[in-house]
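Let me begin by presenting the structure, written as structure tokens, before commenting on it.
The values are calculated or read from the model by the stated rules, or taken from the named source; none is laboratory data. The structure presented is a predicted model; accordingly, all values stated were derived computationally and were not measured. Here the Cβ positions follow ideal geometry from the backbone for every residue, glycine too, while neighbour counts run over all protein chains shown.
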Amino acid sequence: MKKPILSKRMDAFPPYLFQELDGKKQEEVKKGRDVISLAIGDPDLPTPKPAAGFAAKEVLKPANHRYPYSRGSAKLRRAIAGWHKKRHGITLDPETEVLALIGSKEGLAHLPFALTDRGDTVLIPDPCYPVYKTGAILSGAEIKRLPLERRNGFLPDFDSVPKKLLDETRLLFLNYPNNPTGAVADLKFYAKAVAAAKKRGFWIAQDAAYSEIFFGKPSPSIMQVPGAKDTAVEFYSVSKTYCMTGWRLAWLIGNREAVGALAKLKDNMDSGQFNAIQETAAFCLKEHDRLAPPIRHIFRARADLFTRALKKSGWRVFEPGATFFVWARPPVEQSSLDCVYRLLSQAAVLITPGSGFGPSGEGYVRFSLTAPEKRIAEAAERISRINW
Ligand SMILES: Cc1ncc(COP(=O)(O)O)c(C=O)c1O
């Protein structure tokens with residue numbers, strides 16, 4: 001028999017980090033240990049009842065059972081544009097500057113196909129959400145890393161990036177509020193990023209998946225920078241805002257050529273998200289002021305509780321300005337993985353190694369506060385008893 005072979009492309013993907021960690025967790029669970037998982041960024045809170053109840057009715061409507069319009073229904077795109085007008089004071093054309101996605105992971109992974117060619121440079125933050133690499137790997141682009149450092153509040157410093165690298169960059173990913181660090185960006189930073197992109201001629205893809213889990217001032221949109229639409233697109237999602245990770249609905253806004261290119265790609269690739277879910281997303285956006293704040297307040301209380309406890313135990317904690325992540329270094333310097341294994345073996349707490357988000361994450365770990373407050377408090381208490 002002549003054996004069929006897999007594509008070489010697949011060799012470029014390392015094993016998915018969370019699968020490996022889950023294997024370790026299962027080993028501990030088999031030993032009868034009560035493992036508290038603060039590893040994966042998936043909210044434990046249910047989708048708000050009004051949203052789930054609305055969806056249940058939409059599911060029963062036969063009109064919703066047919067193929068959706070892959071770019072998102074006109075109603076959803078109008079609701080998205082209306083929400084951004086109210087939330088950020090920006091004007092978007094729902095026809096050309098808004099595109100519905102089957103989760104932002106899908107859009108982030110596909111965008112480089114629409115904006116880059118083989119050999120082009122894609123600049124990704126380091127550390128970052130690993131999916132920014134996916135489309136770049138598949139489209140044959142070259143990935144370069146932009147280190148995020150604590151002394152700059154985990155914002156890239158464009159002045160320290162070699163001019164040659166910025167000149168050859170075709171696409172830059174940004175992500176604020178930031179996973180894994182919890183850092184936030186202000187409009188001054190976005191203005192600098194937009195100025196650099198316009199000067200050097202590259203695209204910016206800003207990932208705002210955590211836009212509504214903020215603890216201080218509401219996080220701004222990069223589109224509030226005058227002229228940002230010339231060069232930038234921005235991703236939003238219902239996943240974290242309304243605890244709807246399983247529903248798979250997100251959207252892209254911004255530059256019409258870039259939005260149009262991804263829409264064209266998706267026209268040839270998928271058929272959009274279930275209409276009942278699109279209807280529900282539009283409902284959530286209209287009811288935003290009722291649905292989003294209670295979720296935000298819960299994550300904020302958890303972050304306050306946990307960062308206070310970690311600091312008391314001698315950890316060096318970066319105070320998150322948003323998200324449900326806490327980015328920290330242990331009391332005694334060690335590798336990210338050693339720290340993760342120590343917490344698992346001595347405290348039965350599973351977390352994520354910072355090194356899994358890129359080389360600049362080495363020495364850090366990420367806690368995801370996606371467990372009930374009592375469990376988070378217990379995790380902090382167990383961690384405080386670790387013998388370093
Ligand atoms: C920074 C970031 N962007 C995007 C996503 C994906 O979100 P979605 O559920 O919309 O695909 C995640 C998920 O964890 C994330 O952390």
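Quick one: which residue in Leu310, Leu262, Leu249 is among the hydrophobic types (A, V, I, L, M, F, W, C) and in the same structural domain as Val326 (by TED's automatic domain parsing)? Write out each step before concluding.
On the way: Leu262 fails: in the same structural domain as Val326 (by TED's automatic domain parsing); Leu249 fails: in the same structural domain as Val326 (by TED's automatic domain parsing).
Only one candidate passes the filter, namely Leu310.
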**Prompt:** When residues of the range 117-127 are filtered for being touching a Leu at 6+ places or on another chain (Cβ under 9 Å) and either surrounded by 21 or more Cβ atoms within 10 Å (Cβ to Cβ) or at positive phi (or both), how many remain?
**Reply:** 5
**Request:** Considering only residues that are among the aromatic types (Phe, Trp, Tyr) and assigned to a helix (DSSP H, G or I), look in the range 271-304 and name the one that is surrounded by the fewest Cβ atoms within 10 Å (Cβ to Cβ).
**Result:** Phe283
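Being at negative phi, acidic (Asp, Glu) and not assigned by TED's automatic domain parsing to the domain that holds Val365 narrows it down to one of Asp267, Asp304, so name that one.
On the way: Asp304 fails: not assigned by TED's automatic domain parsing to the domain that holds Val365.
That would be Asp267, the only listed residue that is at negative phi, acidic (Asp, Glu) and not assigned by TED's automatic domain parsing to the domain that holds Val365.
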**Asked** On the given criteria, is Thr307 in a loop (DSSP other than H, G, I, E, B) and either within 26 Å of Val238 (Cα to Cα) or in contact with an Asp or Glu (Cβ under 7 Å, 6 or more places away or on another chain) (or both)?
**Response** no
**Message:** over 20 Å from Asp126 (Cα atoms) and touching a helix residue (DSSP H, G or I) at 6+ places or on another chain (Cβ under 8 Å): which single residue out of Arg342, Arg290 fits that description?
**Reply:** Arg290
**Filtered residues of the range 34-46 (kept if of a type outside the set (Ser, Thr, Tyr) and surrounded by 13 or more Cβ atoms within 10 Å (Cβ to Cβ))** = Val35, Ile36, Leu38, Ala39, Ile40, Gly41, Asp42, Pro43, Asp44, Leu45
**Asked** Within the range 211-250, restricting attention to residues that are among the β-branched types (Val, Ile, Thr) and part of a helix (DSSP H, G or I), which residue is farthest from the ligand (Cβ to nearest atom)?
**Response** Ile222
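The rows are residues; the columns are (1) in a helix (DSSP H, G or I); (2) in contact with a His (Cβ under 7 Å, 6 or more places away or on another chain); (3) crowded, with 23+ Cβ neighbours inside 10 Å; (4) among the aromatic types (Phe, Trp, Tyr).
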position: Pro112; (1), (2), (3), (4): yes, no, yes, no
position: Tyr129; (1), (2), (3), (4): no, no, no, yes
position: Leu138; (1), (2), (3), (4): yes, no, no, no
position: Arg151; (1), (2), (3), (4): yes, no, no, no
position: Asp159; (1), (2), (3), (4): yes, no, no, no
position: Lys164; (1), (2), (3), (4): yes, no, no, no
position: Arg170; (1), (2), (3), (4): no, no, no, no
position: Phe173; (1), (2), (3), (4): no, no, yes, yes
**Message:** Between a residue in the range 244-262 that is on the phi > 0 side of the Ramachandran plot and any residue that is more than 14 Å from the ligand (Cβ to nearest atom) and assigned to a helix (DSSP H, G or I), which pairs come within a Cβ distance under 7 Å, given they are 6 or more apart or on different chains?
**Reply:** Gly254/Met223; Gly254/Lys229
**Fill in**
Result of the Cβ filter at 8 Å on the range 201-216, keeping first residues that are within 20 Å of Lys164 (Cα to Cα) and partners that are more than 14 Å from the ligand (Cβ to nearest atom) and of a type in the set (Val, Ile, Thr), at least 6 apart or interchain, is Phe202/Thr169; Phe202/Thr231; Trp203/Thr231; Ile204/Val194; Ile204/Ile222; Ile204/Thr231
**Request:** Return the pairs, sorted by first residue and then second, in which the second residue is among the basic types (Lys, Arg) and crowded, with 18+ Cβ neighbours inside 10 Å, the first residue lies in the range 49-77 and is assigned by TED's automatic domain parsing to the domain that holds Cys243, the beta carbons are less than 6 Å apart, and the residues are 6+ apart or on different chains.
**Result:** Ser70/Lys266
